[in-house]
Structure formats: structure tokens, C-alpha cells
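**Student:** Dumping the structure here so I can ask a few things about it.
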Amino acid sequence: MATTGSVTSSGTNFDIDGLISKLISIDQRSVTKLQTQASAMQSQVSTLGTLKAMTSTLSDAVSALSKPDVWASKTVSSTSSAVGVKVSDSSQAMAGTLQVSVSQLARGQSVSSSARAATDGFQAGTLTLQVGTWSGTSGSSPSFAAGSSAAVDVAIEQGDTLATVASKINAAGAGVTASVITDLSGQRLVMRSADTGEAAGFKVSASGSGSGTALSNLAFDAPGTNAGMVANGVSWAANAMANIDGIAVTSASNTLTDTVPGLTLTLSQVTTSPAAISTGTDTAALTTAVQGFVNAYNNLNTQIASLSSYNASTGKAGLMQGDSMVTGLQTMMRRLAGAPNGSGAITTLSQLGIAFSKTADGSLTLDSAKLAQALAKPDDVKAFFMGPATTGTTGTTDGSGTDSSSAGGFATRFFAFTTGVLGTDGSFDTRNKSLQEQISDNSDEQTRENDRISQTEARLRLQYSALDAKLSTLNALNDYVKQQITTWNKSN
């Protein structure tokens with residue numbers, strides 16, 4: 001607080017500033033008390049923010065247990081590297097074991113040209129590539145049916161080498177790729193289907209003129225036709241062929257995405273014995289979710305216990321000791337955790353291995369072995385956490401007077417409770433608004449007190465200044481009288 005000035009003694013040797021300072025310091029105690037109260041309230045606001053964040057973490061943990069996704073999570077395995085498997089949709093995947101055998105992998109068509117020198121140039125003309133399906137490939141007279149895509153013409157200029165032709169085919173986007181392979185005999189042009197499956201076959205027609213190697217050497221058609229690449233052999237396009245639990249399955253791809261609901265199978269080898277594909281509940285994910293709830297509950301509960309504590313030996317109390325909102329939050333948490341829920345095979349947390357510890361703060365403990373035993377029947381555990389609607393109430397509230405005992409499983413009800421506490425009109429916001437109002441009132445009170453003290457100091461300075469002046473006058477009069485008496489005595 002700023003002083004209103006100082007008073008200079010007029011000769012009385014009276015410490016007016018010191019006296020006023022001591023008097024004002026007594027009044028200043030009221031401001032110091034208000035400042036201490038404001039600091040405590042600011043600390044409470046900060047602490048409420050921490051508790052709210054921890055409650056939000058707990059809310060997220062119970063929310064996870066109240067949603068279908070975590071209960072639908074599955075694990076899959078395969079006994080053979082020839083058949084890979086992963087979960088594509090947990091909600092669709094069914095628990096159980098499938099026997100999968102693979103007799104043929106999906107592949108594209110592949111043909112190659114005769115060998116020639118790298119510098120050999122072709123005559124000018126056009127290669128026409130058409131994607132489609134070859135049938136009767138096991139016989140001597142296969143036939144070709146064009147697919148839905150239009151044929152693509154690739155213009156070849158006179159003198160183009162195999163490397164140039166390959167580059168032009170790759171740039172054409174005809175559903176056929178090309179590469180040049182070099183062996184002891186020279187270079188060969190290899191054409192392959194861009195995709196797999198029997199519908200990814202292709203044929204190549206050629207028309208050319210002028211000097212150079214004839215383009216017909218790069219044509220491919222049925223055996224017996226004037227097609228240069230026929231004589232060099234062909235690997236025909238084919239579908240994958242598998243057997244799943246006795247059902248024959250064909251696929252243009254080696255990745256089966258729609259064959260088994262919720263699963264994606266990847267075929268990489270022909271099998272000599274069936275691969276066992278096992279699907280089951282992902283108990284590890286469920287255990288993690290349950291452990292997450294227990295951890296979040298304990299973190300919040302321990303924090304509240306510490307903030308609400310009182311040490312009789314030292315007389316020291318926690319920052320929120322006696323705060324009804326905070327203790328009410330803890331009471332509701334414990335009530336929900338200890339109350340029975342539903343009428344299924346599992347009605348309490350203790351049946352899942354979750355129990356109150358014997359420690360003073362009442363934290364939860366988790367018996368992993370007991371939880372694992374319960375998860376052997378995942379539907380029972382799911383019914384407890386997400387279970388059907390129930391009637392009646394348990395009398396639990398969210399701390400703001402809102403009933404949170406609505407129908408549903410344990411996680412559903414607990415989530416409703418935390419949502420209410422964290423909501424706009426929930427107990428956290430209500431308590432925070434109250435503290436902010438008190439802090440504002442405290443600030444106003446400090447201003448009033450400082451104004452009053454300043455006025456008091458100014459008044460005291462005026463009063464003591466006047467008193468000092470009177471004392472100075474009296475001292476001067478006293479000195480004058482003494483002088484007159486001395487003079488009178490000398491004259492006599």
C-alpha cells in the first residue's frame with residue numbers, strides 16, 4: 001500500500017512516521033488475511049482443474065468399456081505361413097476355427113519374346129493390347145474373350161529397340177506391363193498382366209511395315225496363329241483356388257477380403273495340409289480396458305483422499321479438506337463401484353477380481369487371474385458393463401443433484417455419472433463458478449480495505465501534524481517563559 005506522505009517533526013523529537021506506520025500495520029492485517037484467503041481459493045481453483053482432468057480420464061476409461069468396439073475386438077492366428085490372416089471388421093468376425101487349404105494361387109499372364117540383340121530395331125507400326133479371358137488353356141486351341149476395357153494401341157517407330165518398346169507399353173496404361181530381361185542369348189521382352197486372375201489375361205496384335213525386325217515377333221495370340229511370342233511359352237492368368245471348411249472358393253486376387261466375414265485372408269503358397277485359422281475374443285484388449293478403469297479410478301481416489309486428509313499430529317489439513325463437493329465425488333465413486341448391477345451371471349466388480357483394498361483410501365485392486373477366468377465367458381462380462389436397461393434407481397447422483405442411476409450396465413451408469421459431473425452444469429463448473437465469485441468479492445474487499453487504510457493514514461497524518469504543530473508552539477512558549485524568568489532573575 002502506498003503511503004500518503006511523511007510528517008516532519010517541528011522540533012518535538014516525536015517519531016510521527018514511526019507511530020503512524022505501526023498503527024497502519026495493524027489495519028493492514030485485514031488485507032493480509034484477505035490475500036491469504038485469495039491465494040487459498042486460487043489454489044483450490046487449480047486443484048479443481050487437476051481433479052476435473054483426472055475425472056475426465058476416468059470418464060474416458062468407463063466410456064471405452066461402455067462401447068461395443070472393445071467387446072467386439074478379436075484376435076486371429078494361422079498355423080501356416082501359406083495363409084495369412086488379419087481382422088478387418090471385429091464386429092463381423094465370429095469366434096471359431098476354419099480349415100483352409102490352397103490348391104492354386106492367383107496369377108497374371110506372362111509371355112516373352114525370342115532373344116535378340118539390344119540394338120536391334122523394329123519396323124514402324126502398332127501393337128494392340130487387349131485384356132480379357134482365355135479359356136481352354138489346358139488344350140491345344142484356347143480361345144480369347146475380350147474384357148470390358150477397350151483395346152489400347154501402342155505406336156512403335158522405326159528403329160525402336162526392345163527397351164523403347166517396353167517403355168511405351170508401360171506408359172500406355174493397357175493393363176499390361178513390360179520389361180527387358182537379358183540372358184546369354186541376348187535380350188527378351190517380357191509382358192505381364194498388371195493384375196492377377198483369369199480375367200487379367202491379354203493378347204497382343206501387331207501390324208507393321210518398313211525395314212527392321214517385324215513387329216509380329218512381339219504379337220501374342222492362340223497357338224497356331226502368326227504370333228511371335230507363342231513359341232516361347234506362356235504362363236496363363238489364373239484365379240486363386242482354395243477350400244474353406246469344405247467349400248470351394250475362387251478369387252482373382254490372393255487377398256480374400258469378402259470370403260470370411262470380418263477377416264482378410266492372404267494366400268502366399270499352395271498348401272500340403274490345411275491351415276487352421278482361429279478367431280477368438282481379444283482378452284488382452286479387454287484386460288487393458290478394465291485395468292485402465294481401475295488405474296483411473298485409483299488415481300482420482302488417491303488424489304481426493306490426499307486433498308481431503310487431516311493430520312491430527314501436525315494439525316495440517318489437505319487443501320480441500322471439508323469440501324463437500326470433493327468428498328461427495330469420492331462417495332459417489334465408491335457407491336457406484338460397490339453397488340450390484342443387473343441380474344446377469346456377473347453383477348458385481350468383485351466377480352471380475354476387482355475389489356476395494358484394505359488401505360485407508362479405499363482404492364481398487366485387480367486380481368488378473370480372476371479377471372482372466374471371467375473373460376473366458378466374454379458375453380457375461382460384456383453384459384455386466386454394457387448390460388440391458390434396468391428399472392428403478394440406486395440413489396446415486398453426479399454431485400450436482402442429477403440422478404445418474406439410469407438404466408444400463410456398470411460402465412454405462414458410471415459414464416453417465418462422470419458425464420454429469422463434468423458437464424456445464426455439473427459440480428466442477430458449479431464449484432469453480434462459486435470460487436471465482438468469491439475471489440472477485442475478495443478482490444473488491446481488498447480494494448475497499450486498502451482505500452479505508454489510505455484514508456485512515458491520511459487522517460492520522462493530519463491529526464499528528466496538527467498535534468506536532470501545537471507541541472512546537474508550546475515548546476516555543478516554554479522557551480520564551482524560561483528566557484524571561486532568567487532575565488528577570490539576573491536583573492534582581
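**Student:** Would you mind finding the one in Asp221, Asp183, Asp195 that is in contact (Cβ under 8 Å) with a residue 40 or more places away in the chain, touching a Lys or Arg at 6+ places or on another chain (Cβ under 9 Å), surrounded by fewer than 20 Cβ atoms within 10 Å (Cβ to Cβ) and under 28 Å from Ala106 (Cβ atoms)?
**Tutor:** Asp221
**Student:** Follow-up. Could you identify the single residue in Asp89, Asp120 that is in a loop (DSSP other than H, G, I, E, B), in the same structural domain as Gly175 (by TED's automatic domain parsing) and in contact (Cβ under 8 Å) with a residue 60 or more places away in the chain?
**Tutor:** After applying the criteria, what remains is Asp120.
**Student:** Restricting to segment 305-323, name every residue that is part of a loop (DSSP other than H, G, I, E, B), surrounded by fewer than 17 Cβ atoms within 10 Å (Cβ to Cβ) and not hydroxyl-bearing (Ser, Thr, Tyr).
**Tutor:** Of everything in segment 305-323, those that are part of a loop (DSSP other than H, G, I, E, B), surrounded by fewer than 17 Cβ atoms within 10 Å (Cβ to Cβ) and not hydroxyl-bearing (Ser, Thr, Tyr) turn out to be Ala312, Gly315, Leu319, Gln321, Gly322.
**Student:** Here is a further query. Residues in segment 404-430 that are modelled with pLDDT of 90 or more and among the charged types (D, E, K, R): how many?
**Tutor:** 1
**Student:** Considering only residues that are at pLDDT 95 or above and more than 54 Å from the chain's Cα centre (by Cα), look in segment 125-156 and name the one that is surrounded by the fewest Cβ atoms within 10 Å (Cβ to Cβ).
**Tutor:** So the residue we want is Thr126.
**Student:** Kindly list the number of the only condition in (1) within 30 Å of Ser273 (Cβ to Cβ); (2) not in a loop (DSSP other than H, G, I, E, B) that fails for Thr196.
**Tutor:** Just one mismatch for Thr196, condition (2).
**Student:** Would you check if Met332 is over 29 Å from the mean Cα position of the chain (by Cα) and either within 25 Å of Ser43 (Cα to Cα) or not acidic (Asp, Glu) (or both)?
**Tutor:** no
**Student:** Another question, if that's okay. Give segment 265-284 a look and list any residue that's buried (at least 18 other Cβ atoms within 10 Å of the Cβ) and either among the aromatic types (Phe, Trp, Tyr) or in a strand (DSSP E or B) (or both), or say none.
**Tutor:** Residues satisfying the conditions are Leu265, Leu267, Ala275, Ile277, Thr279, Thr281.
**Student:** So, one more: Is it the case that some residue within segment 297-304 is touching a helix residue (DSSP H, G or I) at 6+ places or on another chain (Cβ under 6 Å) and assigned to a loop (DSSP other than H, G, I, E, B)?
**Tutor:** no
**Student:** Sticking with this one: Report the residue count in segment 324-342 for those that are in a loop (DSSP other than H, G, I, E, B), touching a residue at least 24 places away in the same chain (Cβ under 8 Å) and out of contact with any helix residue (DSSP H, G or I) (no Cβ under 6 Å at 6 or more places or on another chain).
**Tutor:** Of segment 324-342, the ones in a loop (DSSP other than H, G, I, E, B) are 339-342.
If we keep only those that are touching a residue at least 24 places away in the same chain (Cβ under 8 Å) too, we end up with 339, 341-342.
This time we only want the ones that are out of contact with any helix residue (DSSP H, G or I) (no Cβ under 6 Å at 6 or more places or on another chain), so: 339, 342.
Qualifying residue count for the region: 2.
Residues are listed down the side, and each one gets a yes or a no for (1) assigned to a strand (DSSP E or B); (2) over 30 Å from Phe428 (Cβ atoms):
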site: Leu58; (1), (2): no, no
site: Asp69; (1), (2): no, no
site: Ser80; (1), (2): no, yes
site: Gly125; (1), (2): yes, yes
site: Thr137; (1), (2): no, yes
site: Ala145; (1), (2): yes, yes
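**Student:** Examine segment 157-173 for a residue that is assigned to a strand (DSSP E or B) and not aromatic (Phe, Trp, Tyr), and state whether such a residue exists.
**Tutor:** no
**Student:** Continuing with this model, one more query. I want to confirm something. Restricting to segment 304-318 and keeping residues that are closer than 15 Å to Gly328 by Cβ and not small (Gly, Ala, Ser), which single residue is farthest from the chain's Cα centre (by Cα)? Full working, then the answer.
**Tutor:** Here is the first cut: in segment 304-318, the residues closer than 15 Å to Gly328 by Cβ are 304-305, 307-308.
Then drop every residue that is not not small (Gly, Ala, Ser), which leaves 304, 307.
Values: Ile304: 26, Leu307: 30 Å.
Result: Leu307.
**Student:** Something else about it: In segment 455-489, what residues are surrounded by 14 or more Cβ atoms within 10 Å (Cβ to Cβ) and of a type in the set (Ser, Thr, Tyr)?
**Tutor:** Thr456, Tyr464, Ser465, Ser472
**Student:** I'd like the full set of residues that are assigned to a loop (DSSP other than H, G, I, E, B) and either on the phi < 0 side of the Ramachandran plot or not assigned by TED's automatic domain parsing to the domain that holds Met386 (or both), limited to segment 343-360.
**Tutor:** Across segment 343-360, the qualifying residues are Ser343, Gly344, Ala345, Ile346, Thr347, Thr348, Ser357, Lys358, Thr359, Ala360.
**Student:** Still on this structure, I have one more. Can you pull out the residues in segment 157-180 that are out of contact with any strand residue (DSSP E or B) (no Cβ under 7 Å at 6 or more places or on another chain) and buried (at least 17 other Cβ atoms within 10 Å of the Cβ)?
**Tutor:** Correct list: Thr161 only.
**Student:** Further question on the same structure: Mind telling me which of the residues Ala312, Ala337, Ala285 ends up being touching a Phe, Trp or Tyr at 6+ places or on another chain (Cβ under 8 Å) and over 30 Å from Ala240 (Cβ atoms)?
**Tutor:** Values: Ala312 fails: touching a Phe, Trp or Tyr at 6+ places or on another chain (Cβ under 8 Å); Ala285 fails: touching a Phe, Trp or Tyr at 6+ places or on another chain (Cβ under 8 Å).
Exactly one residue qualifies, and that residue is Ala337.
The values are calculated or read from the model by the stated rules, or taken from the named source; none is laboratory data. Keep in mind that what you see is a predicted model, and the values were worked out from it rather than measured. When we count neighbours, we look across all protein chains shown, and the Cβ atoms used for this are built from the backbone with ideal geometry, even at glycine.
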